[in-house]
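The structure appears right after this line, and notes come after that.
The values are calculated or read from the model by the stated rules, or taken from the named source; none is laboratory data. Everything numeric in this text was worked out from a predicted model, so none of it was measured. Methodologically, a virtual Cβ is constructed for each residue, glycine included, from the backbone with ideal geometry; neighbour enumeration extends over all protein chains shown. When the accessible area is computed, the model is the full protein with side chains, heavy atoms only, and any ligands, DNA or RNA have been set aside. Shrake-Rupley method; radii C 1.70, N 1.55, O 1.52, S 1.80 Å.
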Amino acid sequence: MALVKQHQPDVCIMDIEMPVKTGLDAAEELQGGPCKVIILTTFARAGYFERARNAEVSGYLLKDSPSEELANSIRTIMDGRRIYAPELVDLAFENKNPLTNREKQVMELIADGKSTNEIAKELYLTNGTVRNYISVILDKLDVGNRIEAIARFKEKGWFK
């Protein structure tokens, strides 16, 4: 991030998994700046793609694309357009996160290892309300327990 701020590149190509900070975290930090961010990754996950779009990245491309396609995509992005791998667009419409914002909050706290009591206190809810949220989350994700819910949420790329 320091190098991007220091050198002010026109384009920054990042992977999802990088040392210190994920490409999505970096894209969110660079959002609104002059540098055009391109995510180049092997992860074709709807949740990652949704987060990248929310960070207003200029491109989200898959590493298995031919290098000529990458070069053409960079040129197109420099002309002011956005480029997304076609597989991701289809995936985004097929695998939209079914949870509401409140259910996502509960899910994040579950993943942090919080108990029902701890979640209730943190979100200013009753224990019964939290249990209801958890039941709805398990139902929406079509899983049997919290561990499976965390795994499904992670598999889809929905964690922030």
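For the pair segment 41-101 / segment 137-160, the C-alpha centres are spaced 23 Å from each other. Computed with the Debye formula from one identical point scatterer per Cα of the chain, without solvent, the log10 of I(q)/I(0) at q = 0.10, 0.11, 0.12, 0.16 Å⁻¹ comes to -0.45, -0.53, -0.61, -0.91.
Excluding ligands, DNA and RNA, what is the solvent-accessible area per residue of segment 12-135 at a probe of 1.4 Å, expressed in Å²? Each step should come with its number before you reach the end.
On the way: 6970 Å² over 124 residues.
On a per-residue basis, 56 Å².
Let a ≥ b ≥ c be the square roots of the eigenvalues of the Cα gyration tensor of segment 1-50; is it rounded (a/c under 1.5), or, if not, prolate (a/b larger than b/c) or oblate? Because a/c hits 1.5 or more and a/b exceeds b/c, segment 1-50 counts as prolate.
State which entries of 5/96; 63/104; 21/63; 96/121; 63/96 exceed 27 angstrom in Cα-Cα distance in the structure shown.
Details: 5/96 34 Å; 63/104 30 Å; 21/63 19 Å; 96/121 29 Å; 63/96 23 Å.
With Cα atoms farther than 27 Å apart: 5/96; 63/104; 96/121.
Working note: 222 nm ellipticity from helices only, DSSP H runs with n ≥ 4, each -39,500 (n - 2.57), summed and divided by the residues of the chain, gives -16500 deg cm²/dmol to the nearest 500. Annotation: Cα Rg of segment 101-156 relative to the compact-globule expectation 2.2 N^0.38 Å equals 1.01. Only Lys, Arg, Asp and Glu carry charge here, each on its Cβ (+1 for the first two, -1 for the last two); on that basis the chain has a dipole of about 420 debye about its Cα centre. Take every DSSP beta bridge whose two residues both sit in the chain; close to 0 percent of them are antiparallel. Rounded to the nearest 10 degrees, the inclination of helix 67-78 to the longest alpha-carbon principal axis of the chain is 90 degrees.
Relative to the first principal axis of the alpha-carbon coordinates of the chain, what is the inclination of helix 127-141, with its axis defined by its Cα atoms, in degrees from 0 to 90 and to the nearest 10? With rounding to tens, the tilt is 50 degrees. Here the accessible area is traced with a 1.4 Å probe on the protein chains. For the chain, carbon and sulfur cover 49 percent of it.
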